[in-house]
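**Student:** Pasting a structure here, questions to come.
The values are calculated or read from the model by the stated rules, or taken from the named source; none is laboratory data. Here the structure is a predicted model, which is why all the values come from computation and not from measurement. Note that we place each Cβ from the backbone using ideal geometry, even for glycine, and neighbour counts take in every protein chain shown. Keep in mind that these areas ignore ligands, DNA and RNA; they rest on the heavy atoms of the full protein, side chains included. Shrake-Rupley method; radii C 1.70, N 1.55, O 1.52, S 1.80 Å.
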Amino acid sequence: MSGFIAIVNTNGAPVDRPLLEKLTAELHFKGPDRQQVWSDGPVGLGHALFRTSDEAQYENQPACLDGKFWITGSIRIDAREELVAKLGISKDISLNQTPDSELVLRAYRHWGERCVNHLLGDFAFAIWDAHRRQLFCARDRLGMRQLYYVQNKHSLIICNSMHVLLSHPDVSQQL
């Protein structure tokens, strides 16, 4: 159950990288194996990895596909072989070395937001589509993984930890 955070400054201001690093470090309890961040102008993603599968040794989030799509999340994909077959990429990848985040990015590239209709498992994630300049977030149908968000005047903040979300200085503790 890895931890993740995504920040998009809707006013175009660059993400405060030290703050993003601090919030990602606070996710250590969800992901003790590695914490990493990525930011580009008004967008920042953080990830705290908790290795729970063999493929997770290849996990490196925030992850990128084609320089256009970035992902951070807590993701476990089932029926991986069937998904790869639907995507028509079985010859392009070594499935036992492909992390779940890459499968989700490939599904997003192929189907866009409808990718969730093809994903089995439990997941919550945020994808930054750099081409469309849009953040797409989703979680599994049963809500097994948490996905919290706050939108204020200048930012959209997504996280799978309420505690970390509330530690952002622009997030009020008031209902």
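**Student:** When residue 57 is evaluated against the numbered criteria (1) in contact with a His (Cβ under 9 Å, 6 or more places away or on another chain); (2) open to solvent by 70 Å² or more (accessible area, probe 1.4 Å); (3) within 19 Å of residue 30 (Cβ to Cβ), which criterion, by number, is the only one it fails?
**Tutor:** (1)
**Student:** Could you check residue 113 against (1) without any contact (Cβ under 8 Å) to a residue 60 or more places away in the chain; (2) part of a loop (DSSP other than H, G, I, E, B); (3) charged (D, E, K, R) and say which number it fails?
**Tutor:** (2)
**Student:** I would also like to ask the following. Mind listing just one residue for me: the one in the stretch 125-134 that is part of a strand (DSSP E or B) and more than 10 Å from the chain's Cα centre (by Cα) and, of those, farthest from residue 10 (Cα to Cα)?
**Tutor:** Only one residue tops the list, namely 129.
**Student:** So, one more: Show the residue pairs meeting these rules: Cβ distance below 8 Å; 6+ apart or different chains; first residue within the stretch 153-175 and at positive phi; second residue open to solvent by 90 Å² or more (accessible area, probe 1.4 Å) and part of a loop (DSSP other than H, G, I, E, B).
**Tutor:** So the pair list comes out empty.
**Student:** Let me ask something else about it. Of (1) of a type outside the set (Val, Ile, Thr); (2) surrounded by 15 or more Cβ atoms within 10 Å (Cβ to Cβ); (3) within 21 Å of residue 7 (Cβ to Cβ); (4) at pLDDT below 95, residue 139 satisfies all except one. Which?
**Tutor:** (4)
**Student:** Test each condition in (1) without any contact (Cβ under 8 Å) to a residue 12 or more places away in the chain; (2) of a type in the set (Ser, Thr, Tyr); (3) assigned to a strand (DSSP E or B) for residue 149 and report the one that comes out false.
**Tutor:** (1)
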